[in-house]
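This report concerns only the one structure given below.
The values are calculated or read from the model by the stated rules, or taken from the named source; none is laboratory data. These figures come from a predicted structure and were not determined experimentally. Quick reminder, even Gly has a Cβ in these numbers, built from the backbone with ideal geometry, and neighbours come from all protein chains shown. The protein model used for the area step is the full one, side chains on, heavy atoms only, and it has no ligands, DNA or RNA in it. Shrake-Rupley method; radii C 1.70, N 1.55, O 1.52, S 1.80 Å.
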Amino acid sequence: MNDEQLLRYSRHILLPEIGIEGQERLRASSALIVGAGGLGCPAALYLAGSGVGRLHLADPDTVDLTNLQRQILYRTESVGTRKVAAATAALAAFNPEVITIGLGERMEGAGLQELVAEVDVVLDCSDNFPTRHALNRACVRHGKPLVSGAAIRFDAQLMVFDLRQPDAPCYACLFPEDGEVEEVQCSVMGVFAPLTGVIGAMQAMEAIKLLAGVGESLSGRLLMFDARNAEWRSVRVRKDPRCAVCATAKP
């Protein structure tokens, strides 16, 4: 690292758990963030600020006025533009060292499989179960860690599925693909703006820990947050031996 980089990342380097070696690992790593909304915006900012070398940001939508309440990468003048265009421009201005790649299409099929195989960590910041399950299948297949977050109303959840570990559960172990789970959208139910910032930042935190090899991840634990009452709960999640998705895991 040059002098400017040493200054930029000095507060990480001062941490003995990270140091120069950990910061170099971050600079050499790559992440895929699916969803450039309330979760994806703060997650992307912290990953870029921390110097993760390459960020792929996927979202097919355009910026709407209703997004500005919580999606902190965008400004009033961003309304009507493609989210990935506005987001990658903001991230490039924030940290020009980080390579930011915008993907303005829905992540699915062979393209999703190829991209997941290429990156080091995947952050699920999406808002629908088909995308979450598609990401999970790809991460299971390629043995890539998945950092999953969700927030609606005043409630949120966060979990890491470290699929590099043979005994780690996957998203489908917790929410089976054929399960009857009611899907709700924040456009209908609402969402408390700071809550998305809390969970998106924590997704970035868990991803950075995985990439830098620091601490213990949330793998095997579901963290739930009730923002209305400021209460956290943690629940252990084990691998389901009958999970059909886990059966496709990379040997």
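Structure notes:
- Single residue of Met224, Met159 found to be of a type outside the set (S, T, N, Q), assigned to a strand (DSSP E or B), modelled with pLDDT of 95 or more and closer than 23 Å to Arg137 by Cβ: Met159
Let's see how each residue does on (1) among the aromatic types (Phe, Trp, Tyr); (2) part of a loop (DSSP other than H, G, I, E, B); (3) modelled with pLDDT under 95; (4) out of contact with any helix residue (DSSP H, G or I) (no Cβ under 6 Å at 6 or more places or on another chain):
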| site | (1), (2), (3), (4) |
| --- | --- |
| Val84 | no, no, no, yes |
| Gly102 | no, no, no, no |
| Met107 | no, yes, yes, yes |
| Val116 | no, no, no, no |
| Leu123 | no, no, no, no |
| Arg137 | no, no, no, yes |
| Val147 | no, no, no, no |
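- Hits in the range 138-168 (condition: of a type outside the set (Lys, Arg), over 25 Å from Glu114 (Cβ atoms) and surrounded by fewer than 23 Cβ atoms within 10 Å (Cβ to Cβ)): Ala150, Ile152, Phe154, Asp155, Gln157, Asp167
- From Gly215, Gly200, residue being out of contact with any Asp or Glu (no Cβ under 6 Å at 6 or more places or on another chain) and assigned to a helix (DSSP H, G or I): Gly200
- Taken as a whole, the structure leaves Arg70 outside the set of residues that are of a type in the set (D, E, K, R) and either modelled with pLDDT under 95 or open to solvent by 60 Å² or more (accessible area, probe 1.4 Å) (or both).
- In the set (1) under 29 Å from Glu17 (Cβ atoms); (2) in contact (Cβ under 8 Å) with a residue 12 or more places away in the chain; (3) out of contact with any strand residue (DSSP E or B) (no Cβ under 8 Å at 6 or more places or on another chain); (4) surrounded by fewer than 16 Cβ atoms within 10 Å (Cβ to Cβ), Ala230 fails one condition alone, (2).
- Any hit, the range 172-192, residues being open to solvent by less than 10 Å² (accessible area, probe 1.4 Å) and of a type in the set (D, E, K, R): no
- Conditions (1) part of a helix (DSSP H, G or I); (2) farther than 28 Å from Arg70 by Cα; (3) open to solvent by 20 Å² or more (accessible area, probe 1.4 Å); number of the one not met by Lys209: (2)
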